[in-house]
Amino acid sequence: MSAKIISGTEVAKQIREEIKAEVQELKAKYGSVPGLVTILVGENPASVSYVTAKQKTAKELGFYSIQDNQPEDITEEQLLALIDKYNKDEKIHGILVQLPLPKHINETKVLYAIDPDKDVDAFHPVNVGKLVIGEAVFKPCTPAGIQELLIRGGVEISGAEVVVVGRSNIVGKPIANMLLQKAKGANATVTVVHTGTKDIAAHTRRADILIVAAGKPKAITADMVKEGAAVIDVGVNRIGVTPEGKAKLAGDVDFDAVKEKASLITPVPGGVGPMTITMLMKNTLEAFKYSLKNK
Ligand code: L34
């Protein structure tokens, strides 16, 4: 079997059109637009690239948007004060602090400081808890993008055997929680494998849907994949530089070999990445609509 390659870039474009239309409608009706601030500490090249893409998209969709760059040596206290300022700013509906943060800053403390109503990443413990009990207001961006790709790719999720590779707070844990909910676009049987798992391949070979967020190129080879599986590759590994001087990217899946066995596969780049950015816009729109209701 040769897999259908599902373009995150294309699906993201469709969703962005939907968001853009809704923003215009709301602007005409209420005279205001969704506001997003992205806070970047330091100059990690991957983070710079992701945050730049987020800002560009926000502007294209007609959002009010602020890129707030802070030096690597900002103190935790200063960063917390900055978050507090945006918590109180009525034009801002979504606050995103790009991760990872420098080692001298306590990430948990920073995530706790964001007003849960403006937590468009859904990393605040209140939003994590709501997700687990099936009451999510915001779904974290990368997992939400994965779920949307599966739904729009026509993959049957209900009753499927899902295997998630990786247990991060950003991807593995939340996507596992989302797909096991008794809900539309979910209701799957979910297994999470990680560095403590005895025989990873024994699990991945059972998967109807294989979601890979391992952070390691070629972590998943063809022998680890069931014939006809849907494979979602969340990895973005920088494996070198192209002749044009751009970063050369690879996912966590051995794409060329696995695409011959899977029924559906996402590419890197152009798969989950663009969906992550789009779901951030969707969450910011939701936060804006929520603020209109509470005026
Ligand atoms: N707070 N920190 C916070 N929220 C997030 O949702 C993220 N993440 C992850 C890292 N830190 C975060 C992102 O935004 C990963 N991530 C992310 C976002 C976008 C892309 C990849 C990861 C993306 O657009 N990738 C492109 C390639 C971009 C490039 O050339 O580097 C792709 O096509 O996959």
Candidate set from the range 228-237 (those that are within 15 Å of the chain's Cα centre (by Cα) and either assigned to a loop (DSSP other than H, G, I, E, B) or surrounded by fewer than 22 Cβ atoms within 10 Å (Cβ to Cβ) (or both)); member that is nearest to the ligand (Cβ to nearest atom): VAL236
Leading residue by the ranking (farthest from VAL37 (Cα to Cα)) among those in the range 64-86 that are open to solvent by 70 Å² or more (accessible area, probe 1.4 Å) and either in a helix (DSSP H, G or I) or in contact with a Phe, Trp or Tyr (Cβ under 6 Å, 6 or more places away or on another chain) (or both): GLU77
Verdict on THR142 being hydroxyl-bearing (Ser, Thr, Tyr), modelled with pLDDT of 95 or more and part of a strand (DSSP E or B): no
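Any residue in the range 179-201 that is within 16 Å of the ligand (Cβ to nearest atom), open to solvent by 60 Å² or more (accessible area, probe 1.4 Å) and farther than 22 Å from ILE5 by Cα?
No, the range 179-201 has no match at all.
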Some residue of the range 273-288 being aromatic (Phe, Trp, Tyr), modelled with pLDDT of 95 or more and farther than 30 Å from ASP199 by Cβ: yes
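What number of residues within the range 238-287 are without any contact (Cβ under 8 Å) to a residue 60 or more places away in the chain, surrounded by 18 or more Cβ atoms within 10 Å (Cβ to Cβ) and more than 10 Å from the ligand (Cβ to nearest atom)?
So the answer is 4.
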GLU107 being more than 16 Å from the ligand (Cβ to nearest atom) and surrounded by fewer than 20 Cβ atoms within 10 Å (Cβ to Cβ): no
Conditions (1) in contact (Cβ under 8 Å) with a residue 12 or more places away in the chain; (2) within 16 Å of the ligand (Cβ to nearest atom): number failed by ASP208: (2)
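The values are calculated or read from the model by the stated rules, or taken from the named source; none is laboratory data. All of these numbers come straight from a predicted model, not from anything done at the bench. Virtual Cβ from ideal backbone geometry, glycine too; neighbours counted across all protein chains shown. Areas reflect the complete protein model, heavy atoms only, side chains present, ligands, DNA and RNA absent. Shrake-Rupley method; radii C 1.70, N 1.55, O 1.52, S 1.80 Å.
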